[in-house]
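Undergrad: One structure, pasted below without further comment.
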Amino acid sequence: MLSREDNELLCRVGPGTPVGALMRRFWHPVCTSAQLPQPDCAPLRVRLLGENYVAFRDSDGKVGFLEELCMHRGASLALGRVEEGGIRCLYHGWKFSASGTVMETPNHADPKYAARLKAPAFPVREEGGIVWAYVGPQDQVPAFSRYAFMDAEPAHRVVLRINVACNYLQLVEGGEDSSHVGVLHTNMARPGWKDDEFTRNPDVVNPAALASNDLEPVLKIETTTFGFHYVALRKTDDPAVRNARVVPFIVPYGRIIPAPAFLFTVLEVPEDDTHTSTFIVVHGNAPVTEDKIIELLGLNDPNYYDRKNCTFTASWLDSFGQNRELMKENWTGLRGVEVEDASIGLSQGPLYDRSREHLVPADQAVVRVRRVLLDAVKAVAEGRQPAALGLDLSGVGACDALLEEGDAWQDLLPSHRQTAAA
Ligand code: FES
Ligand SMILES: [Fe+2]
């Protein structure tokens with residue numbers, strides 16, 4: 001459990017909060033590249049860490065990221081016109097370039113006036129099918145962290161965004177919680193559960209395709225420079241061999257989940273205290289399509305996912321679409337990995353109070369997430385570098401493999417060696 005004070009401390013992300021200060025030191029995904037599909041397309045309103053921004057793609061294809069409200073008198077630039085190398089406010093026509101240059105101020109045409117001003121614009125990168133921005137202290141812009149998915153062939157990669165109306169930490173904790181996989185995702189993890197038979201799910205793209213029927217994994221955790229990684233060890237039929245699932249936690253909200261032939265990199269980006277944009281990037285050495293991933297996640301049902309707005313739409317208004325009749329053969333009465341994960345996260349409420357929970361050893365990685373985040377908050381408050389900041393993360397991965405008695409689980413991912421903390 002977590003004291004109410006620490007719970008509040010870890011969950012609040014707005015300006016002036018401790019986690020807000022931590023998060024503002026990092027580059028963040030702010031939208032998918034597909035949300036700004038071509039030069040001069042419609043701009044996008046973005047909420048990040050409790051503040052509003054506008055993202056737009058200019059006539060040259062370059063992405064700009066500005067404060068949402070026009071610096072003249074505060075009309076939303078998300079309603080603006082994107083044309084001829086900038087974004088123009090509808091109200092009085094002021095126009096801004098992607099880098100924040102004030103290009104025109106039609107109601108005060110003296111060019112010397114515009115030249116003295118600069119619109120609040122932020123550094124932007126576009127990598128791996130995602131637009132990233134940095135909104136923290138401008139004298140502390142960190143190196144841009146690369147992930148392995150950025151080097152994947154586009155046909156071998158799918159990028160999705162799912163906006164979920166709950167606090168980021170609920171979703172992060174779900175992602176660092178191996179023991180829920182065999183239970184919540186029973187339909188996909190243990191397809192024969194109803195007949196008490198363990199059959200393996202043959203879908204090589206499925207991150208919930210467990211190789212073992214053991215519902216009580218033993219966790220081992222090791223600190224790394226990016227946060228930590230942990231292994232969930234599950235029994236197999238051979239007492240000398242265990243199934244090992246290794247998953248990293250990347251400060252402040254990242255994880256990588258293994259599927260048999262793909263990796264799922266998941267970043268839980270806080271929009272504000274009670275809304276999160278989940279960015280999921282699937283990549284591997286084989287072709288994969290967006291339709292396949294959407295179906296796997298259960299998001300092909302329009303009752304759950306608004307594809308245009310990237311929003312998870314199920315709620316208590318429709319009891320998350322749970323089908324009680326279906327539950328005779330389907331554990332949750334829901335369909336798809338993300339539908340199950342998001343519904344559970346939302347069922348905890350918009351911002352869960354952890355002072356009333358009852359933890360068990362299988363929750364150790366969840367506890368470590370909180371500790372590592374509290375350490376990172378402290379590091380920033382004391383002027384030290386938080387974990388993961390500015391690191392090259394392209395060697396960080398995940399795996400699901402067999403481990404012989406006496407072998408070190410860390411050897412399953414040798415690329416994590418350089419990043420294991422001294
Ligand atoms: S408020 Fe934007 S131009 Fe006046
Ligand atoms: Fe899950």
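The values are calculated or read from the model by the stated rules, or taken from the named source; none is laboratory data. As the structure is a prediction and not an experimental result, all values here were calculated from the model. We place every Cβ from the backbone using ideal geometry, glycine too, and count neighbours over all the protein chains shown. To get the accessible areas, we keep the full protein, side chains included, count just its heavy atoms, and leave off ligands, DNA and RNA. Shrake-Rupley method; radii C 1.70, N 1.55, O 1.52, S 1.80 Å.
Undergrad: Using modelled backbone amide H atoms (1.01 Å from N, in-plane), which distant-in-sequence or interchain residues come within less than 5 Å of residue 271's amide H?
TA: 49, 276, 277
Undergrad: OK, next. Can you give the three extents of the C-alpha atoms in the range 237-382 along their principal axes, from longest to shortest, in whole Å?
TA: Each principal axis gives a Cα extent; for the range 237-382 these are 49, 43, 32 Å.
Undergrad: If you look for lysine pairs in the chain that are eight or more places apart or on different chains, how many of them have Cα atoms under 28 Å apart?
TA: Taking the Cα cut-off of 28 Å, the pair count is 15.
Undergrad: List residues of the range 10-24, by number, whose backbone nitrogen lies under 19 Å from a label position 7 Å along Cα→C-beta of residue 353.
TA: Answer for this model: 10-13.
Undergrad: What does the accessible area of residue 122 come to, in Å² to the nearest 10, when a probe of 1.4 Å is used?
TA: Its heavy atoms expose roughly 40 Å² to the probe.
Undergrad: If 157, 81 are ordered by their accessible area, calculated over protein heavy atoms with a 1.4 Å probe, which sequence runs from highest to lowest? Please report the intermediate quantities before stating the final value.
TA: Details: 157 45, 81 130 Å².
Final ranking, largest accessible area leading: 81, 157.
Undergrad: Give the Cα extents of the chain along the principal axes, in whole Å, largest first.
TA: Projected onto the principal axes, the Cα atoms of the chain cover 81, 50, 43 Å.
Undergrad: Step through the residues of the range 138-145 one at a time and calculate ³J(HN,Hα) from phi using the Karplus curve (6.51 cos²θ - 1.76 cosθ + 1.60, θ = phi - 60°), rounding each to whole Hz and writing x for Gly and Pro.
TA: With coefficients 6.51, -1.76 and 1.60, one gets 6, 8, 10, 5, x, 4, 6, 7 Hz.
Undergrad: Given a Förster distance of 35 Å, report the FRET efficiency between residue 34 and residue 324 from their Cβ-Cβ distance, rounded to the nearest 0.05.
TA: Working: r = 36 Å, r/R0 = 1.03.
Here the calculated transfer efficiency is 0.45.
Undergrad: List every residue whose amide H lies under 5 Å from the amide H of residue 163, counting only residues 5 or more places away in sequence or on a different chain, with H placed 1.01 Å from N in the peptide plane.
TA: Counting only residues 5 or more places away or on other chains, the set is 278, 311, 312.
Undergrad: For the range 292-300, what does the Karplus curve 6.51 cos²θ - 1.76 cosθ + 1.60, with θ = phi - 60°, yield as ³J(HN,Hα) per residue in whole Hz, taken in order and with x for Gly and Pro?
TA: In residue order, the calculated couplings are 4, 5, 4, 5, 4, 7, x, 8, 7 Hz.
Undergrad: Leaving ligands and nucleic acids out of the surface, order 36, 326 by accessible area at 1.4 Å, largest first. Please list the in-between numbers first.
TA: Details: 36 0, 326 30 Å².
Ranked from most to least accessible, the order is 326, 36.
Undergrad: What whole number of Å gives the distance from the Cα centroid of the range 1-49 to the Cα centroid of the range 370-422?
TA: Using only Cα atoms to place each centre, the spacing works out to 22 Å.
Undergrad: When ligands, DNA and RNA are left out and all protein chains stay put, how many square angstrom of accessible area per residue does the range 96-250 have with a 1.4 Å probe? Intermediate values should be presented prior to the final figure.
TA: Working: 6260 Å² over 155 residues.
Each residue of the range 96-250 exposes 40 Å² on average to a 1.4 Å probe.
Undergrad: Taking the Cα atoms of the range 102-171 alone, what are Rg (to one decimal) and Dmax (as a whole number) in Å?
TA: 18.8, 52
Undergrad: Kirkwood hydrodynamic radius, the range 18-169, all distinct C-alpha pairs: what's the number in Å?
TA: Values: mean 1/r = 0.0610 Å⁻¹.
Result for the range 18-169 stands at 16.4 Å.
Undergrad: Determine the share of the range 274-422's accessible area contributed by carbon and sulfur atoms, expressed in whole percent, with a 1.4 angstrom probe. Working shown, then result.
TA: On the way: 4050 of 7820 Å².
Heavy-atom surface of the range 274-422 belonging to carbon and sulfur, 1.4 Å probe: 52 percent.
Undergrad: Compute the helix-to-body angle for 364-381: its Cα long axis versus the longest principal axis of the chain, expressed 0 to 90° and rounded to tens.
TA: So the inclination is approximately 30 degrees.
Undergrad: Calculate the spin-label point distance for residue 382 paired with residue 62, positioning each point 7 Å from the Cα along the beta-carbon direction, and give it in nanometres.
TA: Using points 7 Å along Cα→Cβ, the separation is 4.1 nm.
Undergrad: Modelling each spin label as a point 7 Å along the Cα-to-Cβ direction, I'd like the residue 3/residue 289 distance in nm, to one decimal.
TA: Those two pseudo-labels are separated by 5.4 nm.
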